[in-house]
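The values are calculated or read from the model by the stated rules, or taken from the named source; none is laboratory data. Keep in mind that this is a model prediction, so the values were computed, not measured. Neighbour counts are summed over all protein chains in view; Cβ atoms, including those assigned to glycine, are modelled from backbone coordinates with ideal geometry.
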């Protein structure tokens with residue numbers, strides 16, 4: 001099993017969610033995060049003084065999937081989250097050792 | 001019923017209505033300040049605002065009113081209503097002052113200063129301007145016209161704030177070691193807006209009530225004109241700041257626009273009953289413009305005022321009092337020189353006496369929170385109650 005973490009632009013969340021649902025993904029966890037990469041921050045104005053906002057708001061989507069779905073899911077996220085402009089985000093894939101569904105006690109692929 | 005008692009009743013009702021509007025400015029200040037500070041200091045700001053209203057009004061009841069006016073008395077309305085109306089103003093003076101030292105001043109010493117301010121310093125200023133006038137006949141006698149207190153209330157609060165900021169210093173991290181200004185943005189713009197607009201509404205009682213009587217055709221006209229002109233100055237203050245901010249930065253900074261409205265309202269407060277209906281447009285516009293420039297001016301001097309109270313109340317209190325001399329001078333009872341003298345006499349007394357009292361209090365109970373308390377936030381350290389304690393929304 002793999003965990004896919006995708007950092008995307010906030011306004012792209014609906015597009016990504018819809019695309020993943022269509023592909024049969026039944027669940028995901030979403031969180032508000034802030035960060036920066038090559039995009040860096042931007043400057044804002046408050047009471048006549050400029051200041052730099054280092055961290056930009058992003059959305060982090062996490063899903064755990066079966067190993068053979070990884071390539072498909074990555075391409076779905078890449079297609080649906082892409083704007084072509086700097087700051088579109090990144091996708092991280094890592095291995096997951098164990099999954100347990102709390103309600104039933106099912107484990108691993110059955111629990112995804 | 002005889003005519004005399006009807007006007008007595010109407011004026012009593014009017015004074016109480018005005019008082020309610022002025023007291024409504026307490027939550028106005030509270031919300032404005034709660035929105036402009038960081039979330040870790042919100043409870044402390046609200047605690048100060050609540051305590052200030054209570055102790056200032058109590059001190060004025062027990063001591064201050066007698067110093068200002070001699071004793072409880074009024075022929076034209078219930079003397080209790082006359083007292084309540086005057087009492088409503090007291091909290092405003094210290095409200096102006098407390099906001100500018102928020103996020104680093106401790107509640108208890110600030111409350112102690114409030115007692116001295118409301119019991120002695122402010123009543124002495126009222127005494128020589130609106131009250132029994134112990135300076136009468138001396139060379140210091142004031143001939144200033146200040147209907148609702150551009151100088152007596154707003155500048156007085158502003159001078160006390162300036163003294164307090166000089167005693168207490170800037171917030172930690174506000175100015176970096178290499179001299180740069182670090183912006184600390186507001187935490188809740190909706191609250192700032194709510195507070196500023198409540199203050200605006202409260203101002204109608206503040207200025208309208210200061211006419212003193214509504215129970216005749218002439219007085220009713222004077223009250224209505226006063227309220228009309230008050231509103232106009234607020235409108236033009238907000239509009240001019242919007243224009244300046246947009247031309248200068250291509251952005252509409254709402255906190256500045258609201259401060260501009262309040263600046264216009266302070267500026268009109270000295271003489272809203274004296275002008276025709278168009279002069280307040282100019283007075284409010286100049287007031288708003290002064291706010292924009294004063295905010296960055298004080299910042300350059302490293303005078304840290306999180307809510308802009310100096311720019312709104314001190315600068316425009318002075319401007320409003322001057323404006324009466326410029327636009328409503330009648331060469332007889334109102335002169336530009338008389339207005340300037342009032343600004344100086346009240347200003348010097350308010351600043352020096354506040355500074356001395358704050359200096360002494362600071363020696364006994366430090367006004368400033370410790371570095372750790374300030375970093376942690378005053379909510380936890382002083383109040384034991386965070387304004388926003390939940391990790392996220394609870395279900």
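What the table below lists for this structure:
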| read-out | value |
| --- | --- |
| Candidate set: the stretch B:253-262, residues that are within 13 Å of chain A (Cβ to nearest Cβ) and either assigned to a helix (DSSP H, G or I) or touching a residue at least 60 places away in the same chain (Cβ under 8 Å) (or both); chosen: the one surrounded by the most Cβ atoms within 10 Å (Cβ to Cβ) | B:260 |
| Filter result for residue A:33 (within 14 Å of chain B (Cβ to nearest Cβ) and within 13 Å of the chain's Cα centre (by Cα)) | yes |
| Qualifying residues in the stretch A:46-68 (those that are facing chain B (nearest Cβ under 9 Å) and out of contact with any strand residue (DSSP E or B) (no Cβ under 8 Å at 6 or more places or on another chain)) - the one surrounded by the most Cβ atoms within 10 Å (Cβ to Cβ) | A:47 |
| From B:131, B:169, residue being surrounded by fewer than 21 Cβ atoms within 10 Å (Cβ to Cβ), on the phi > 0 side of the Ramachandran plot and more than 14 Å from every other protein chain (Cβ to nearest Cβ) | B:169 |
| Residue among B:110, B:140 that alone is more than 14 Å from chain A (Cβ to nearest Cβ) and closer than 22 Å to residue B:63 by Cβ | B:110 |
| Answer from B:293, B:298 - the residue that is surrounded by 18 or more Cβ atoms within 10 Å (Cβ to Cβ), within 14 Å of chain A (Cβ to nearest Cβ) and free of Cβ contacts under 8 Å to residues at least 24 places away in the same chain | B:298 |
| Which numbered condition residue B:201 fails, given (1) out of contact with any strand residue (DSSP E or B) (no Cβ under 9 Å at 6 or more places or on another chain); (2) within 14 Å of chain A (Cβ to nearest Cβ); (3) in contact (Cβ under 8 Å) with a residue 40 or more places away in the chain; (4) surrounded by fewer than 18 Cβ atoms within 10 Å (Cβ to Cβ) | (2) |
| Elements of type helices (runs of 4 or more DSSP H) contained in the stretch B:1-62, each with 1 or more residues being without any contact (Cβ under 8 Å) to a residue 24 or more places away in the chain | B:3-23, B:42-59 |
| Condition met for residue B:307 (part of a helix (DSSP H, G or I) and either more than 14 Å from chain A (Cβ to nearest Cβ) or closer than 30 Å to residue B:30 by Cβ (or both)) | no |
| Identity of the residue in the stretch B:221-247, touching a residue at least 24 places away in the same chain (Cβ under 8 Å) and within 14 Å of chain A (Cβ to nearest Cβ), that ends up farthest from residue B:147 (Cα to Cα) | B:245 |
| Condition met for residue B:72 (modelled with pLDDT of 95 or more and more than 23 Å from residue B:196 (Cα to Cα)) | no |
| Residue check, residue B:98 assigned to a loop (DSSP other than H, G, I, E, B), within 16 Å of the chain's Cα centre (by Cα) and buried (at least 24 other Cβ atoms within 10 Å of the Cβ) | no |
| Any chance residue B:271 is modelled with pLDDT of 95 or more and in a helix (DSSP H, G or I) | no |
| Residue within the stretch B:71-79 that is touching a residue at least 60 places away in the same chain (Cβ under 8 Å) and crowded, with 18+ Cβ neighbours inside 10 Å present | yes |
| Candidate set from the stretch B:214-227 (those that are over 18 Å from the mean Cα position of the chain (by Cα) and surrounded by 15 or more Cβ atoms within 10 Å (Cβ to Cβ)); member that is nearest to residue B:203 (Cα to Cα) | B:226 |
| Residue match in the stretch B:340-363 (condition: farther than 30 Å from residue B:294 by Cβ, modelled with pLDDT of 95 or more and exposed (fewer than 15 other Cβ atoms within 10 Å of the Cβ)) | yes |
| Positions within the stretch B:164-177 being over 23 Å from residue B:88 (Cβ atoms) and in a helix (DSSP H, G or I), in sequence order | B:165, B:166, B:167, B:168 |
| Output for the stretch B:178-193, where each listed residue is within 11 Å of another protein chain (Cβ to nearest Cβ) and assigned to a helix (DSSP H, G or I) | B:189 |
